[in-house]
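**Student:** Below you will find the structure I want to go over with you.
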């Protein structure tokens, strides 16, 4: 009897150990799959930087639409370039977030929106860093003059004007020599006016050129724009058709050829109709006399009644 009880106790202990082992194995498998999931997510986040690229597109929108010249030092650039970029970058951010320029106060004389100085300053600081210093005030570009209203503490922006030349498409982000290079594709764009006359920025097709925006890390470990340079990345070349005799090479040639063909058709049609008759009159058949030059009667054609008969 005692042996039976001891055997039963050993069996129960064995079963308990098996259950505990099974649970531990299950937890280990779950943990393994969890770790694998974390690793896959981390790898995906490293390989997929779409969120970073989108953030840089929004950040650089104001610069790209104006297509400024390349520079090696941001401090050597006319501050008006960055102020204008900040103005239109702010306009884009408002529209991109579903807002409208109607939320800004309008100048009663010109109808221009008054973009607060604080928003412009914030945009420039986020782009160039807190160490970049510039003065507030009116400024002019080749296209516009931006008036600064000291009393309203804001810039008057002509919201119905067309300024956008390109929209950005960030192709890649890389680091080298302690700097961060953001390669941006310039996509030709257009500006449209909505029904209420407000400027609307639109984006379309493929990049026609690429520029590298160079960022340097500041003391707060954030990256700020310090230079702009041409990129080694180039747009794909569009195949040029081989010229042939039947291919019109440009619009001017097309117009000239079409006009020439139309003139030729106009002159040819009546000539073709009159040529047989003229030939019949000028060249008599063999064996027949030429028509009299004094206006005498012409012999009647075969089958026609003759008044002489």
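**Student:** Once label points are set 7 Å from the Cα along Cα→Cβ at both residue 142 and residue 75, what is their separation, rounded to one decimal in nm?
**Tutor:** Distance between label points: 2.8 nm.
**Student:** Counting only C-alpha contacts under 8 Å and six or more residues apart, can you give the relative contact order of the stretch 1-122 as a whole percent?
**Tutor:** Numbers: 45 pairs, mean separation 20.0, N = 122.
Relative CO of the stretch 1-122 lands at 16 percent.
**Student:** Still on this structure: Kindly state, to the nearest 0.05, the FRET efficiency for residue 135 paired with residue 205, given R0 = 41 Å and r defined as their beta-carbon distance.
**Tutor:** Values: r = 39 Å, r/R0 = 0.95.
So, using R0 = 41 Å, E works out to roughly 0.60.
**Student:** Okay, next question. For residue 125 and residue 30, what is the calculated FRET efficiency with R₀ set at 35 Å and r taken between the beta-carbons, to the nearest 0.05?
**Tutor:** 0.15
**Student:** Packing-wise, with mean Cβ within 10 Å as the measure, how do 172-181, 62-71 rank, highest first?
**Tutor:** 62-71, 172-181
**Student:** Follow-up question, since we're still on this one. Hey, can you rank 213-222, 74-83, 6-15 by average C-beta count inside 10 Å, highest first?
**Tutor:** Top of the packing list down: 74-83, 213-222, 6-15.
**Student:** While we're here: Pop a pseudo-label 7 angstrom from the Cα along the beta-carbon direction at both residue 9 and residue 93 and give the gap in nm to one decimal.
**Tutor:** Once both label points are built, they end up 7.6 nm from each other.
**Student:** Pull out a ≥ b ≥ c, the square roots of the eigenvalues of the alpha-carbon gyration tensor of the stretch 93-135, then state rounded if a/c is under 1.5, prolate if not and a/b is larger than b/c, and oblate in the remaining case.
**Tutor:** Cα axes put the stretch 93-135 in the oblate bin.
**Student:** In addition: For the stretch 50-230, what is the relative contact order in percent, using Cα pairs closer than 8 Å and at least 6 residues apart in sequence?
**Tutor:** Once divided by the residue count of the stretch 50-230, the mean separation gives 22 percent.
Every number in this text was worked out from the coordinates using simple rules, so none of it is lab data. As the structure is a computational prediction, the values presented were derived from the model and not from experiment. As a convention, Cβ positions derive from the backbone with ideal geometry for all residues, glycine included, and neighbour counts pool all protein chains shown.
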